[in-house]
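What follows is one structure encoded as structure tokens, with my remarks underneath.
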Amino acid sequence: MTAPGFQRLEEELKELKTVERPNVIKAIAEAREHGDLSENAEYHAARERQSFIEGRVSELEDKISRAEVIDPSKLSGDTVKFGATVTMADVDTDEETTYQIVGQDEANVNDGLISVTSPVARALMGKSEGDTVEVNSPGGSRGYEIVTVAFK
């Protein structure tokens, strides 16, 4: 993953541990004070939230411990690989789109970040400027020409 993606995961983990976890513990304690736990909806909701938080904390700690952080600005070349920022033109409409290929956890199409496992990224991998690729996606098959490959 890239450094900004790694940082977002660390920030989410910190938020869960320092804010969300104490809040849910407090909510459980307050719900317990209301008496009979078997019919206490607040208690059950707080316990469910606690379960979600603990699961997400475990997931984030695992991802962070196994993460390999790659700085795309230190990469070079003219072929598409992880970290590349690729500008491509639709063969039919000449409409240009720019994407950076990133890890699954940091992908956000609205920000121009696509997962390395997405159909578009898989079609682009190993290709160079001027190559034409066929992308098979749920919306159908489309052709694109790679305009530029950069590492920023």
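The values are calculated or read from the model by the stated rules, or taken from the named source; none is laboratory data. These numbers come from a predicted model, not from an experiment. Note that we place each Cβ from the backbone using ideal geometry, even for glycine, and neighbour counts take in every protein chain shown.
Each residue in the range 83-136 was checked for being of a type in the set (Asp, Glu) and either within 15 Å of the chain's Cα centre (by Cα) or farther than 14 Å from Val147 by Cβ (or both), and 5 pass. Can we say Glu48 is of a type outside the set (S, T, N, Q), without any contact (Cβ under 8 Å) to a residue 24 or more places away in the chain, touching a Lys or Arg at 6+ places or on another chain (Cβ under 9 Å) and surrounded by fewer than 18 Cβ atoms within 10 Å (Cβ to Cβ)? Judged against the criteria, Glu48 is not a match. Against the definition (assigned by TED's automatic domain parsing to the domain that holds Phe82, modelled with pLDDT of 90 or more and surrounded by fewer than 16 Cβ atoms within 10 Å (Cβ to Cβ)), how does Gly126 come out, yes or no? So Gly126 fits the description; yes.
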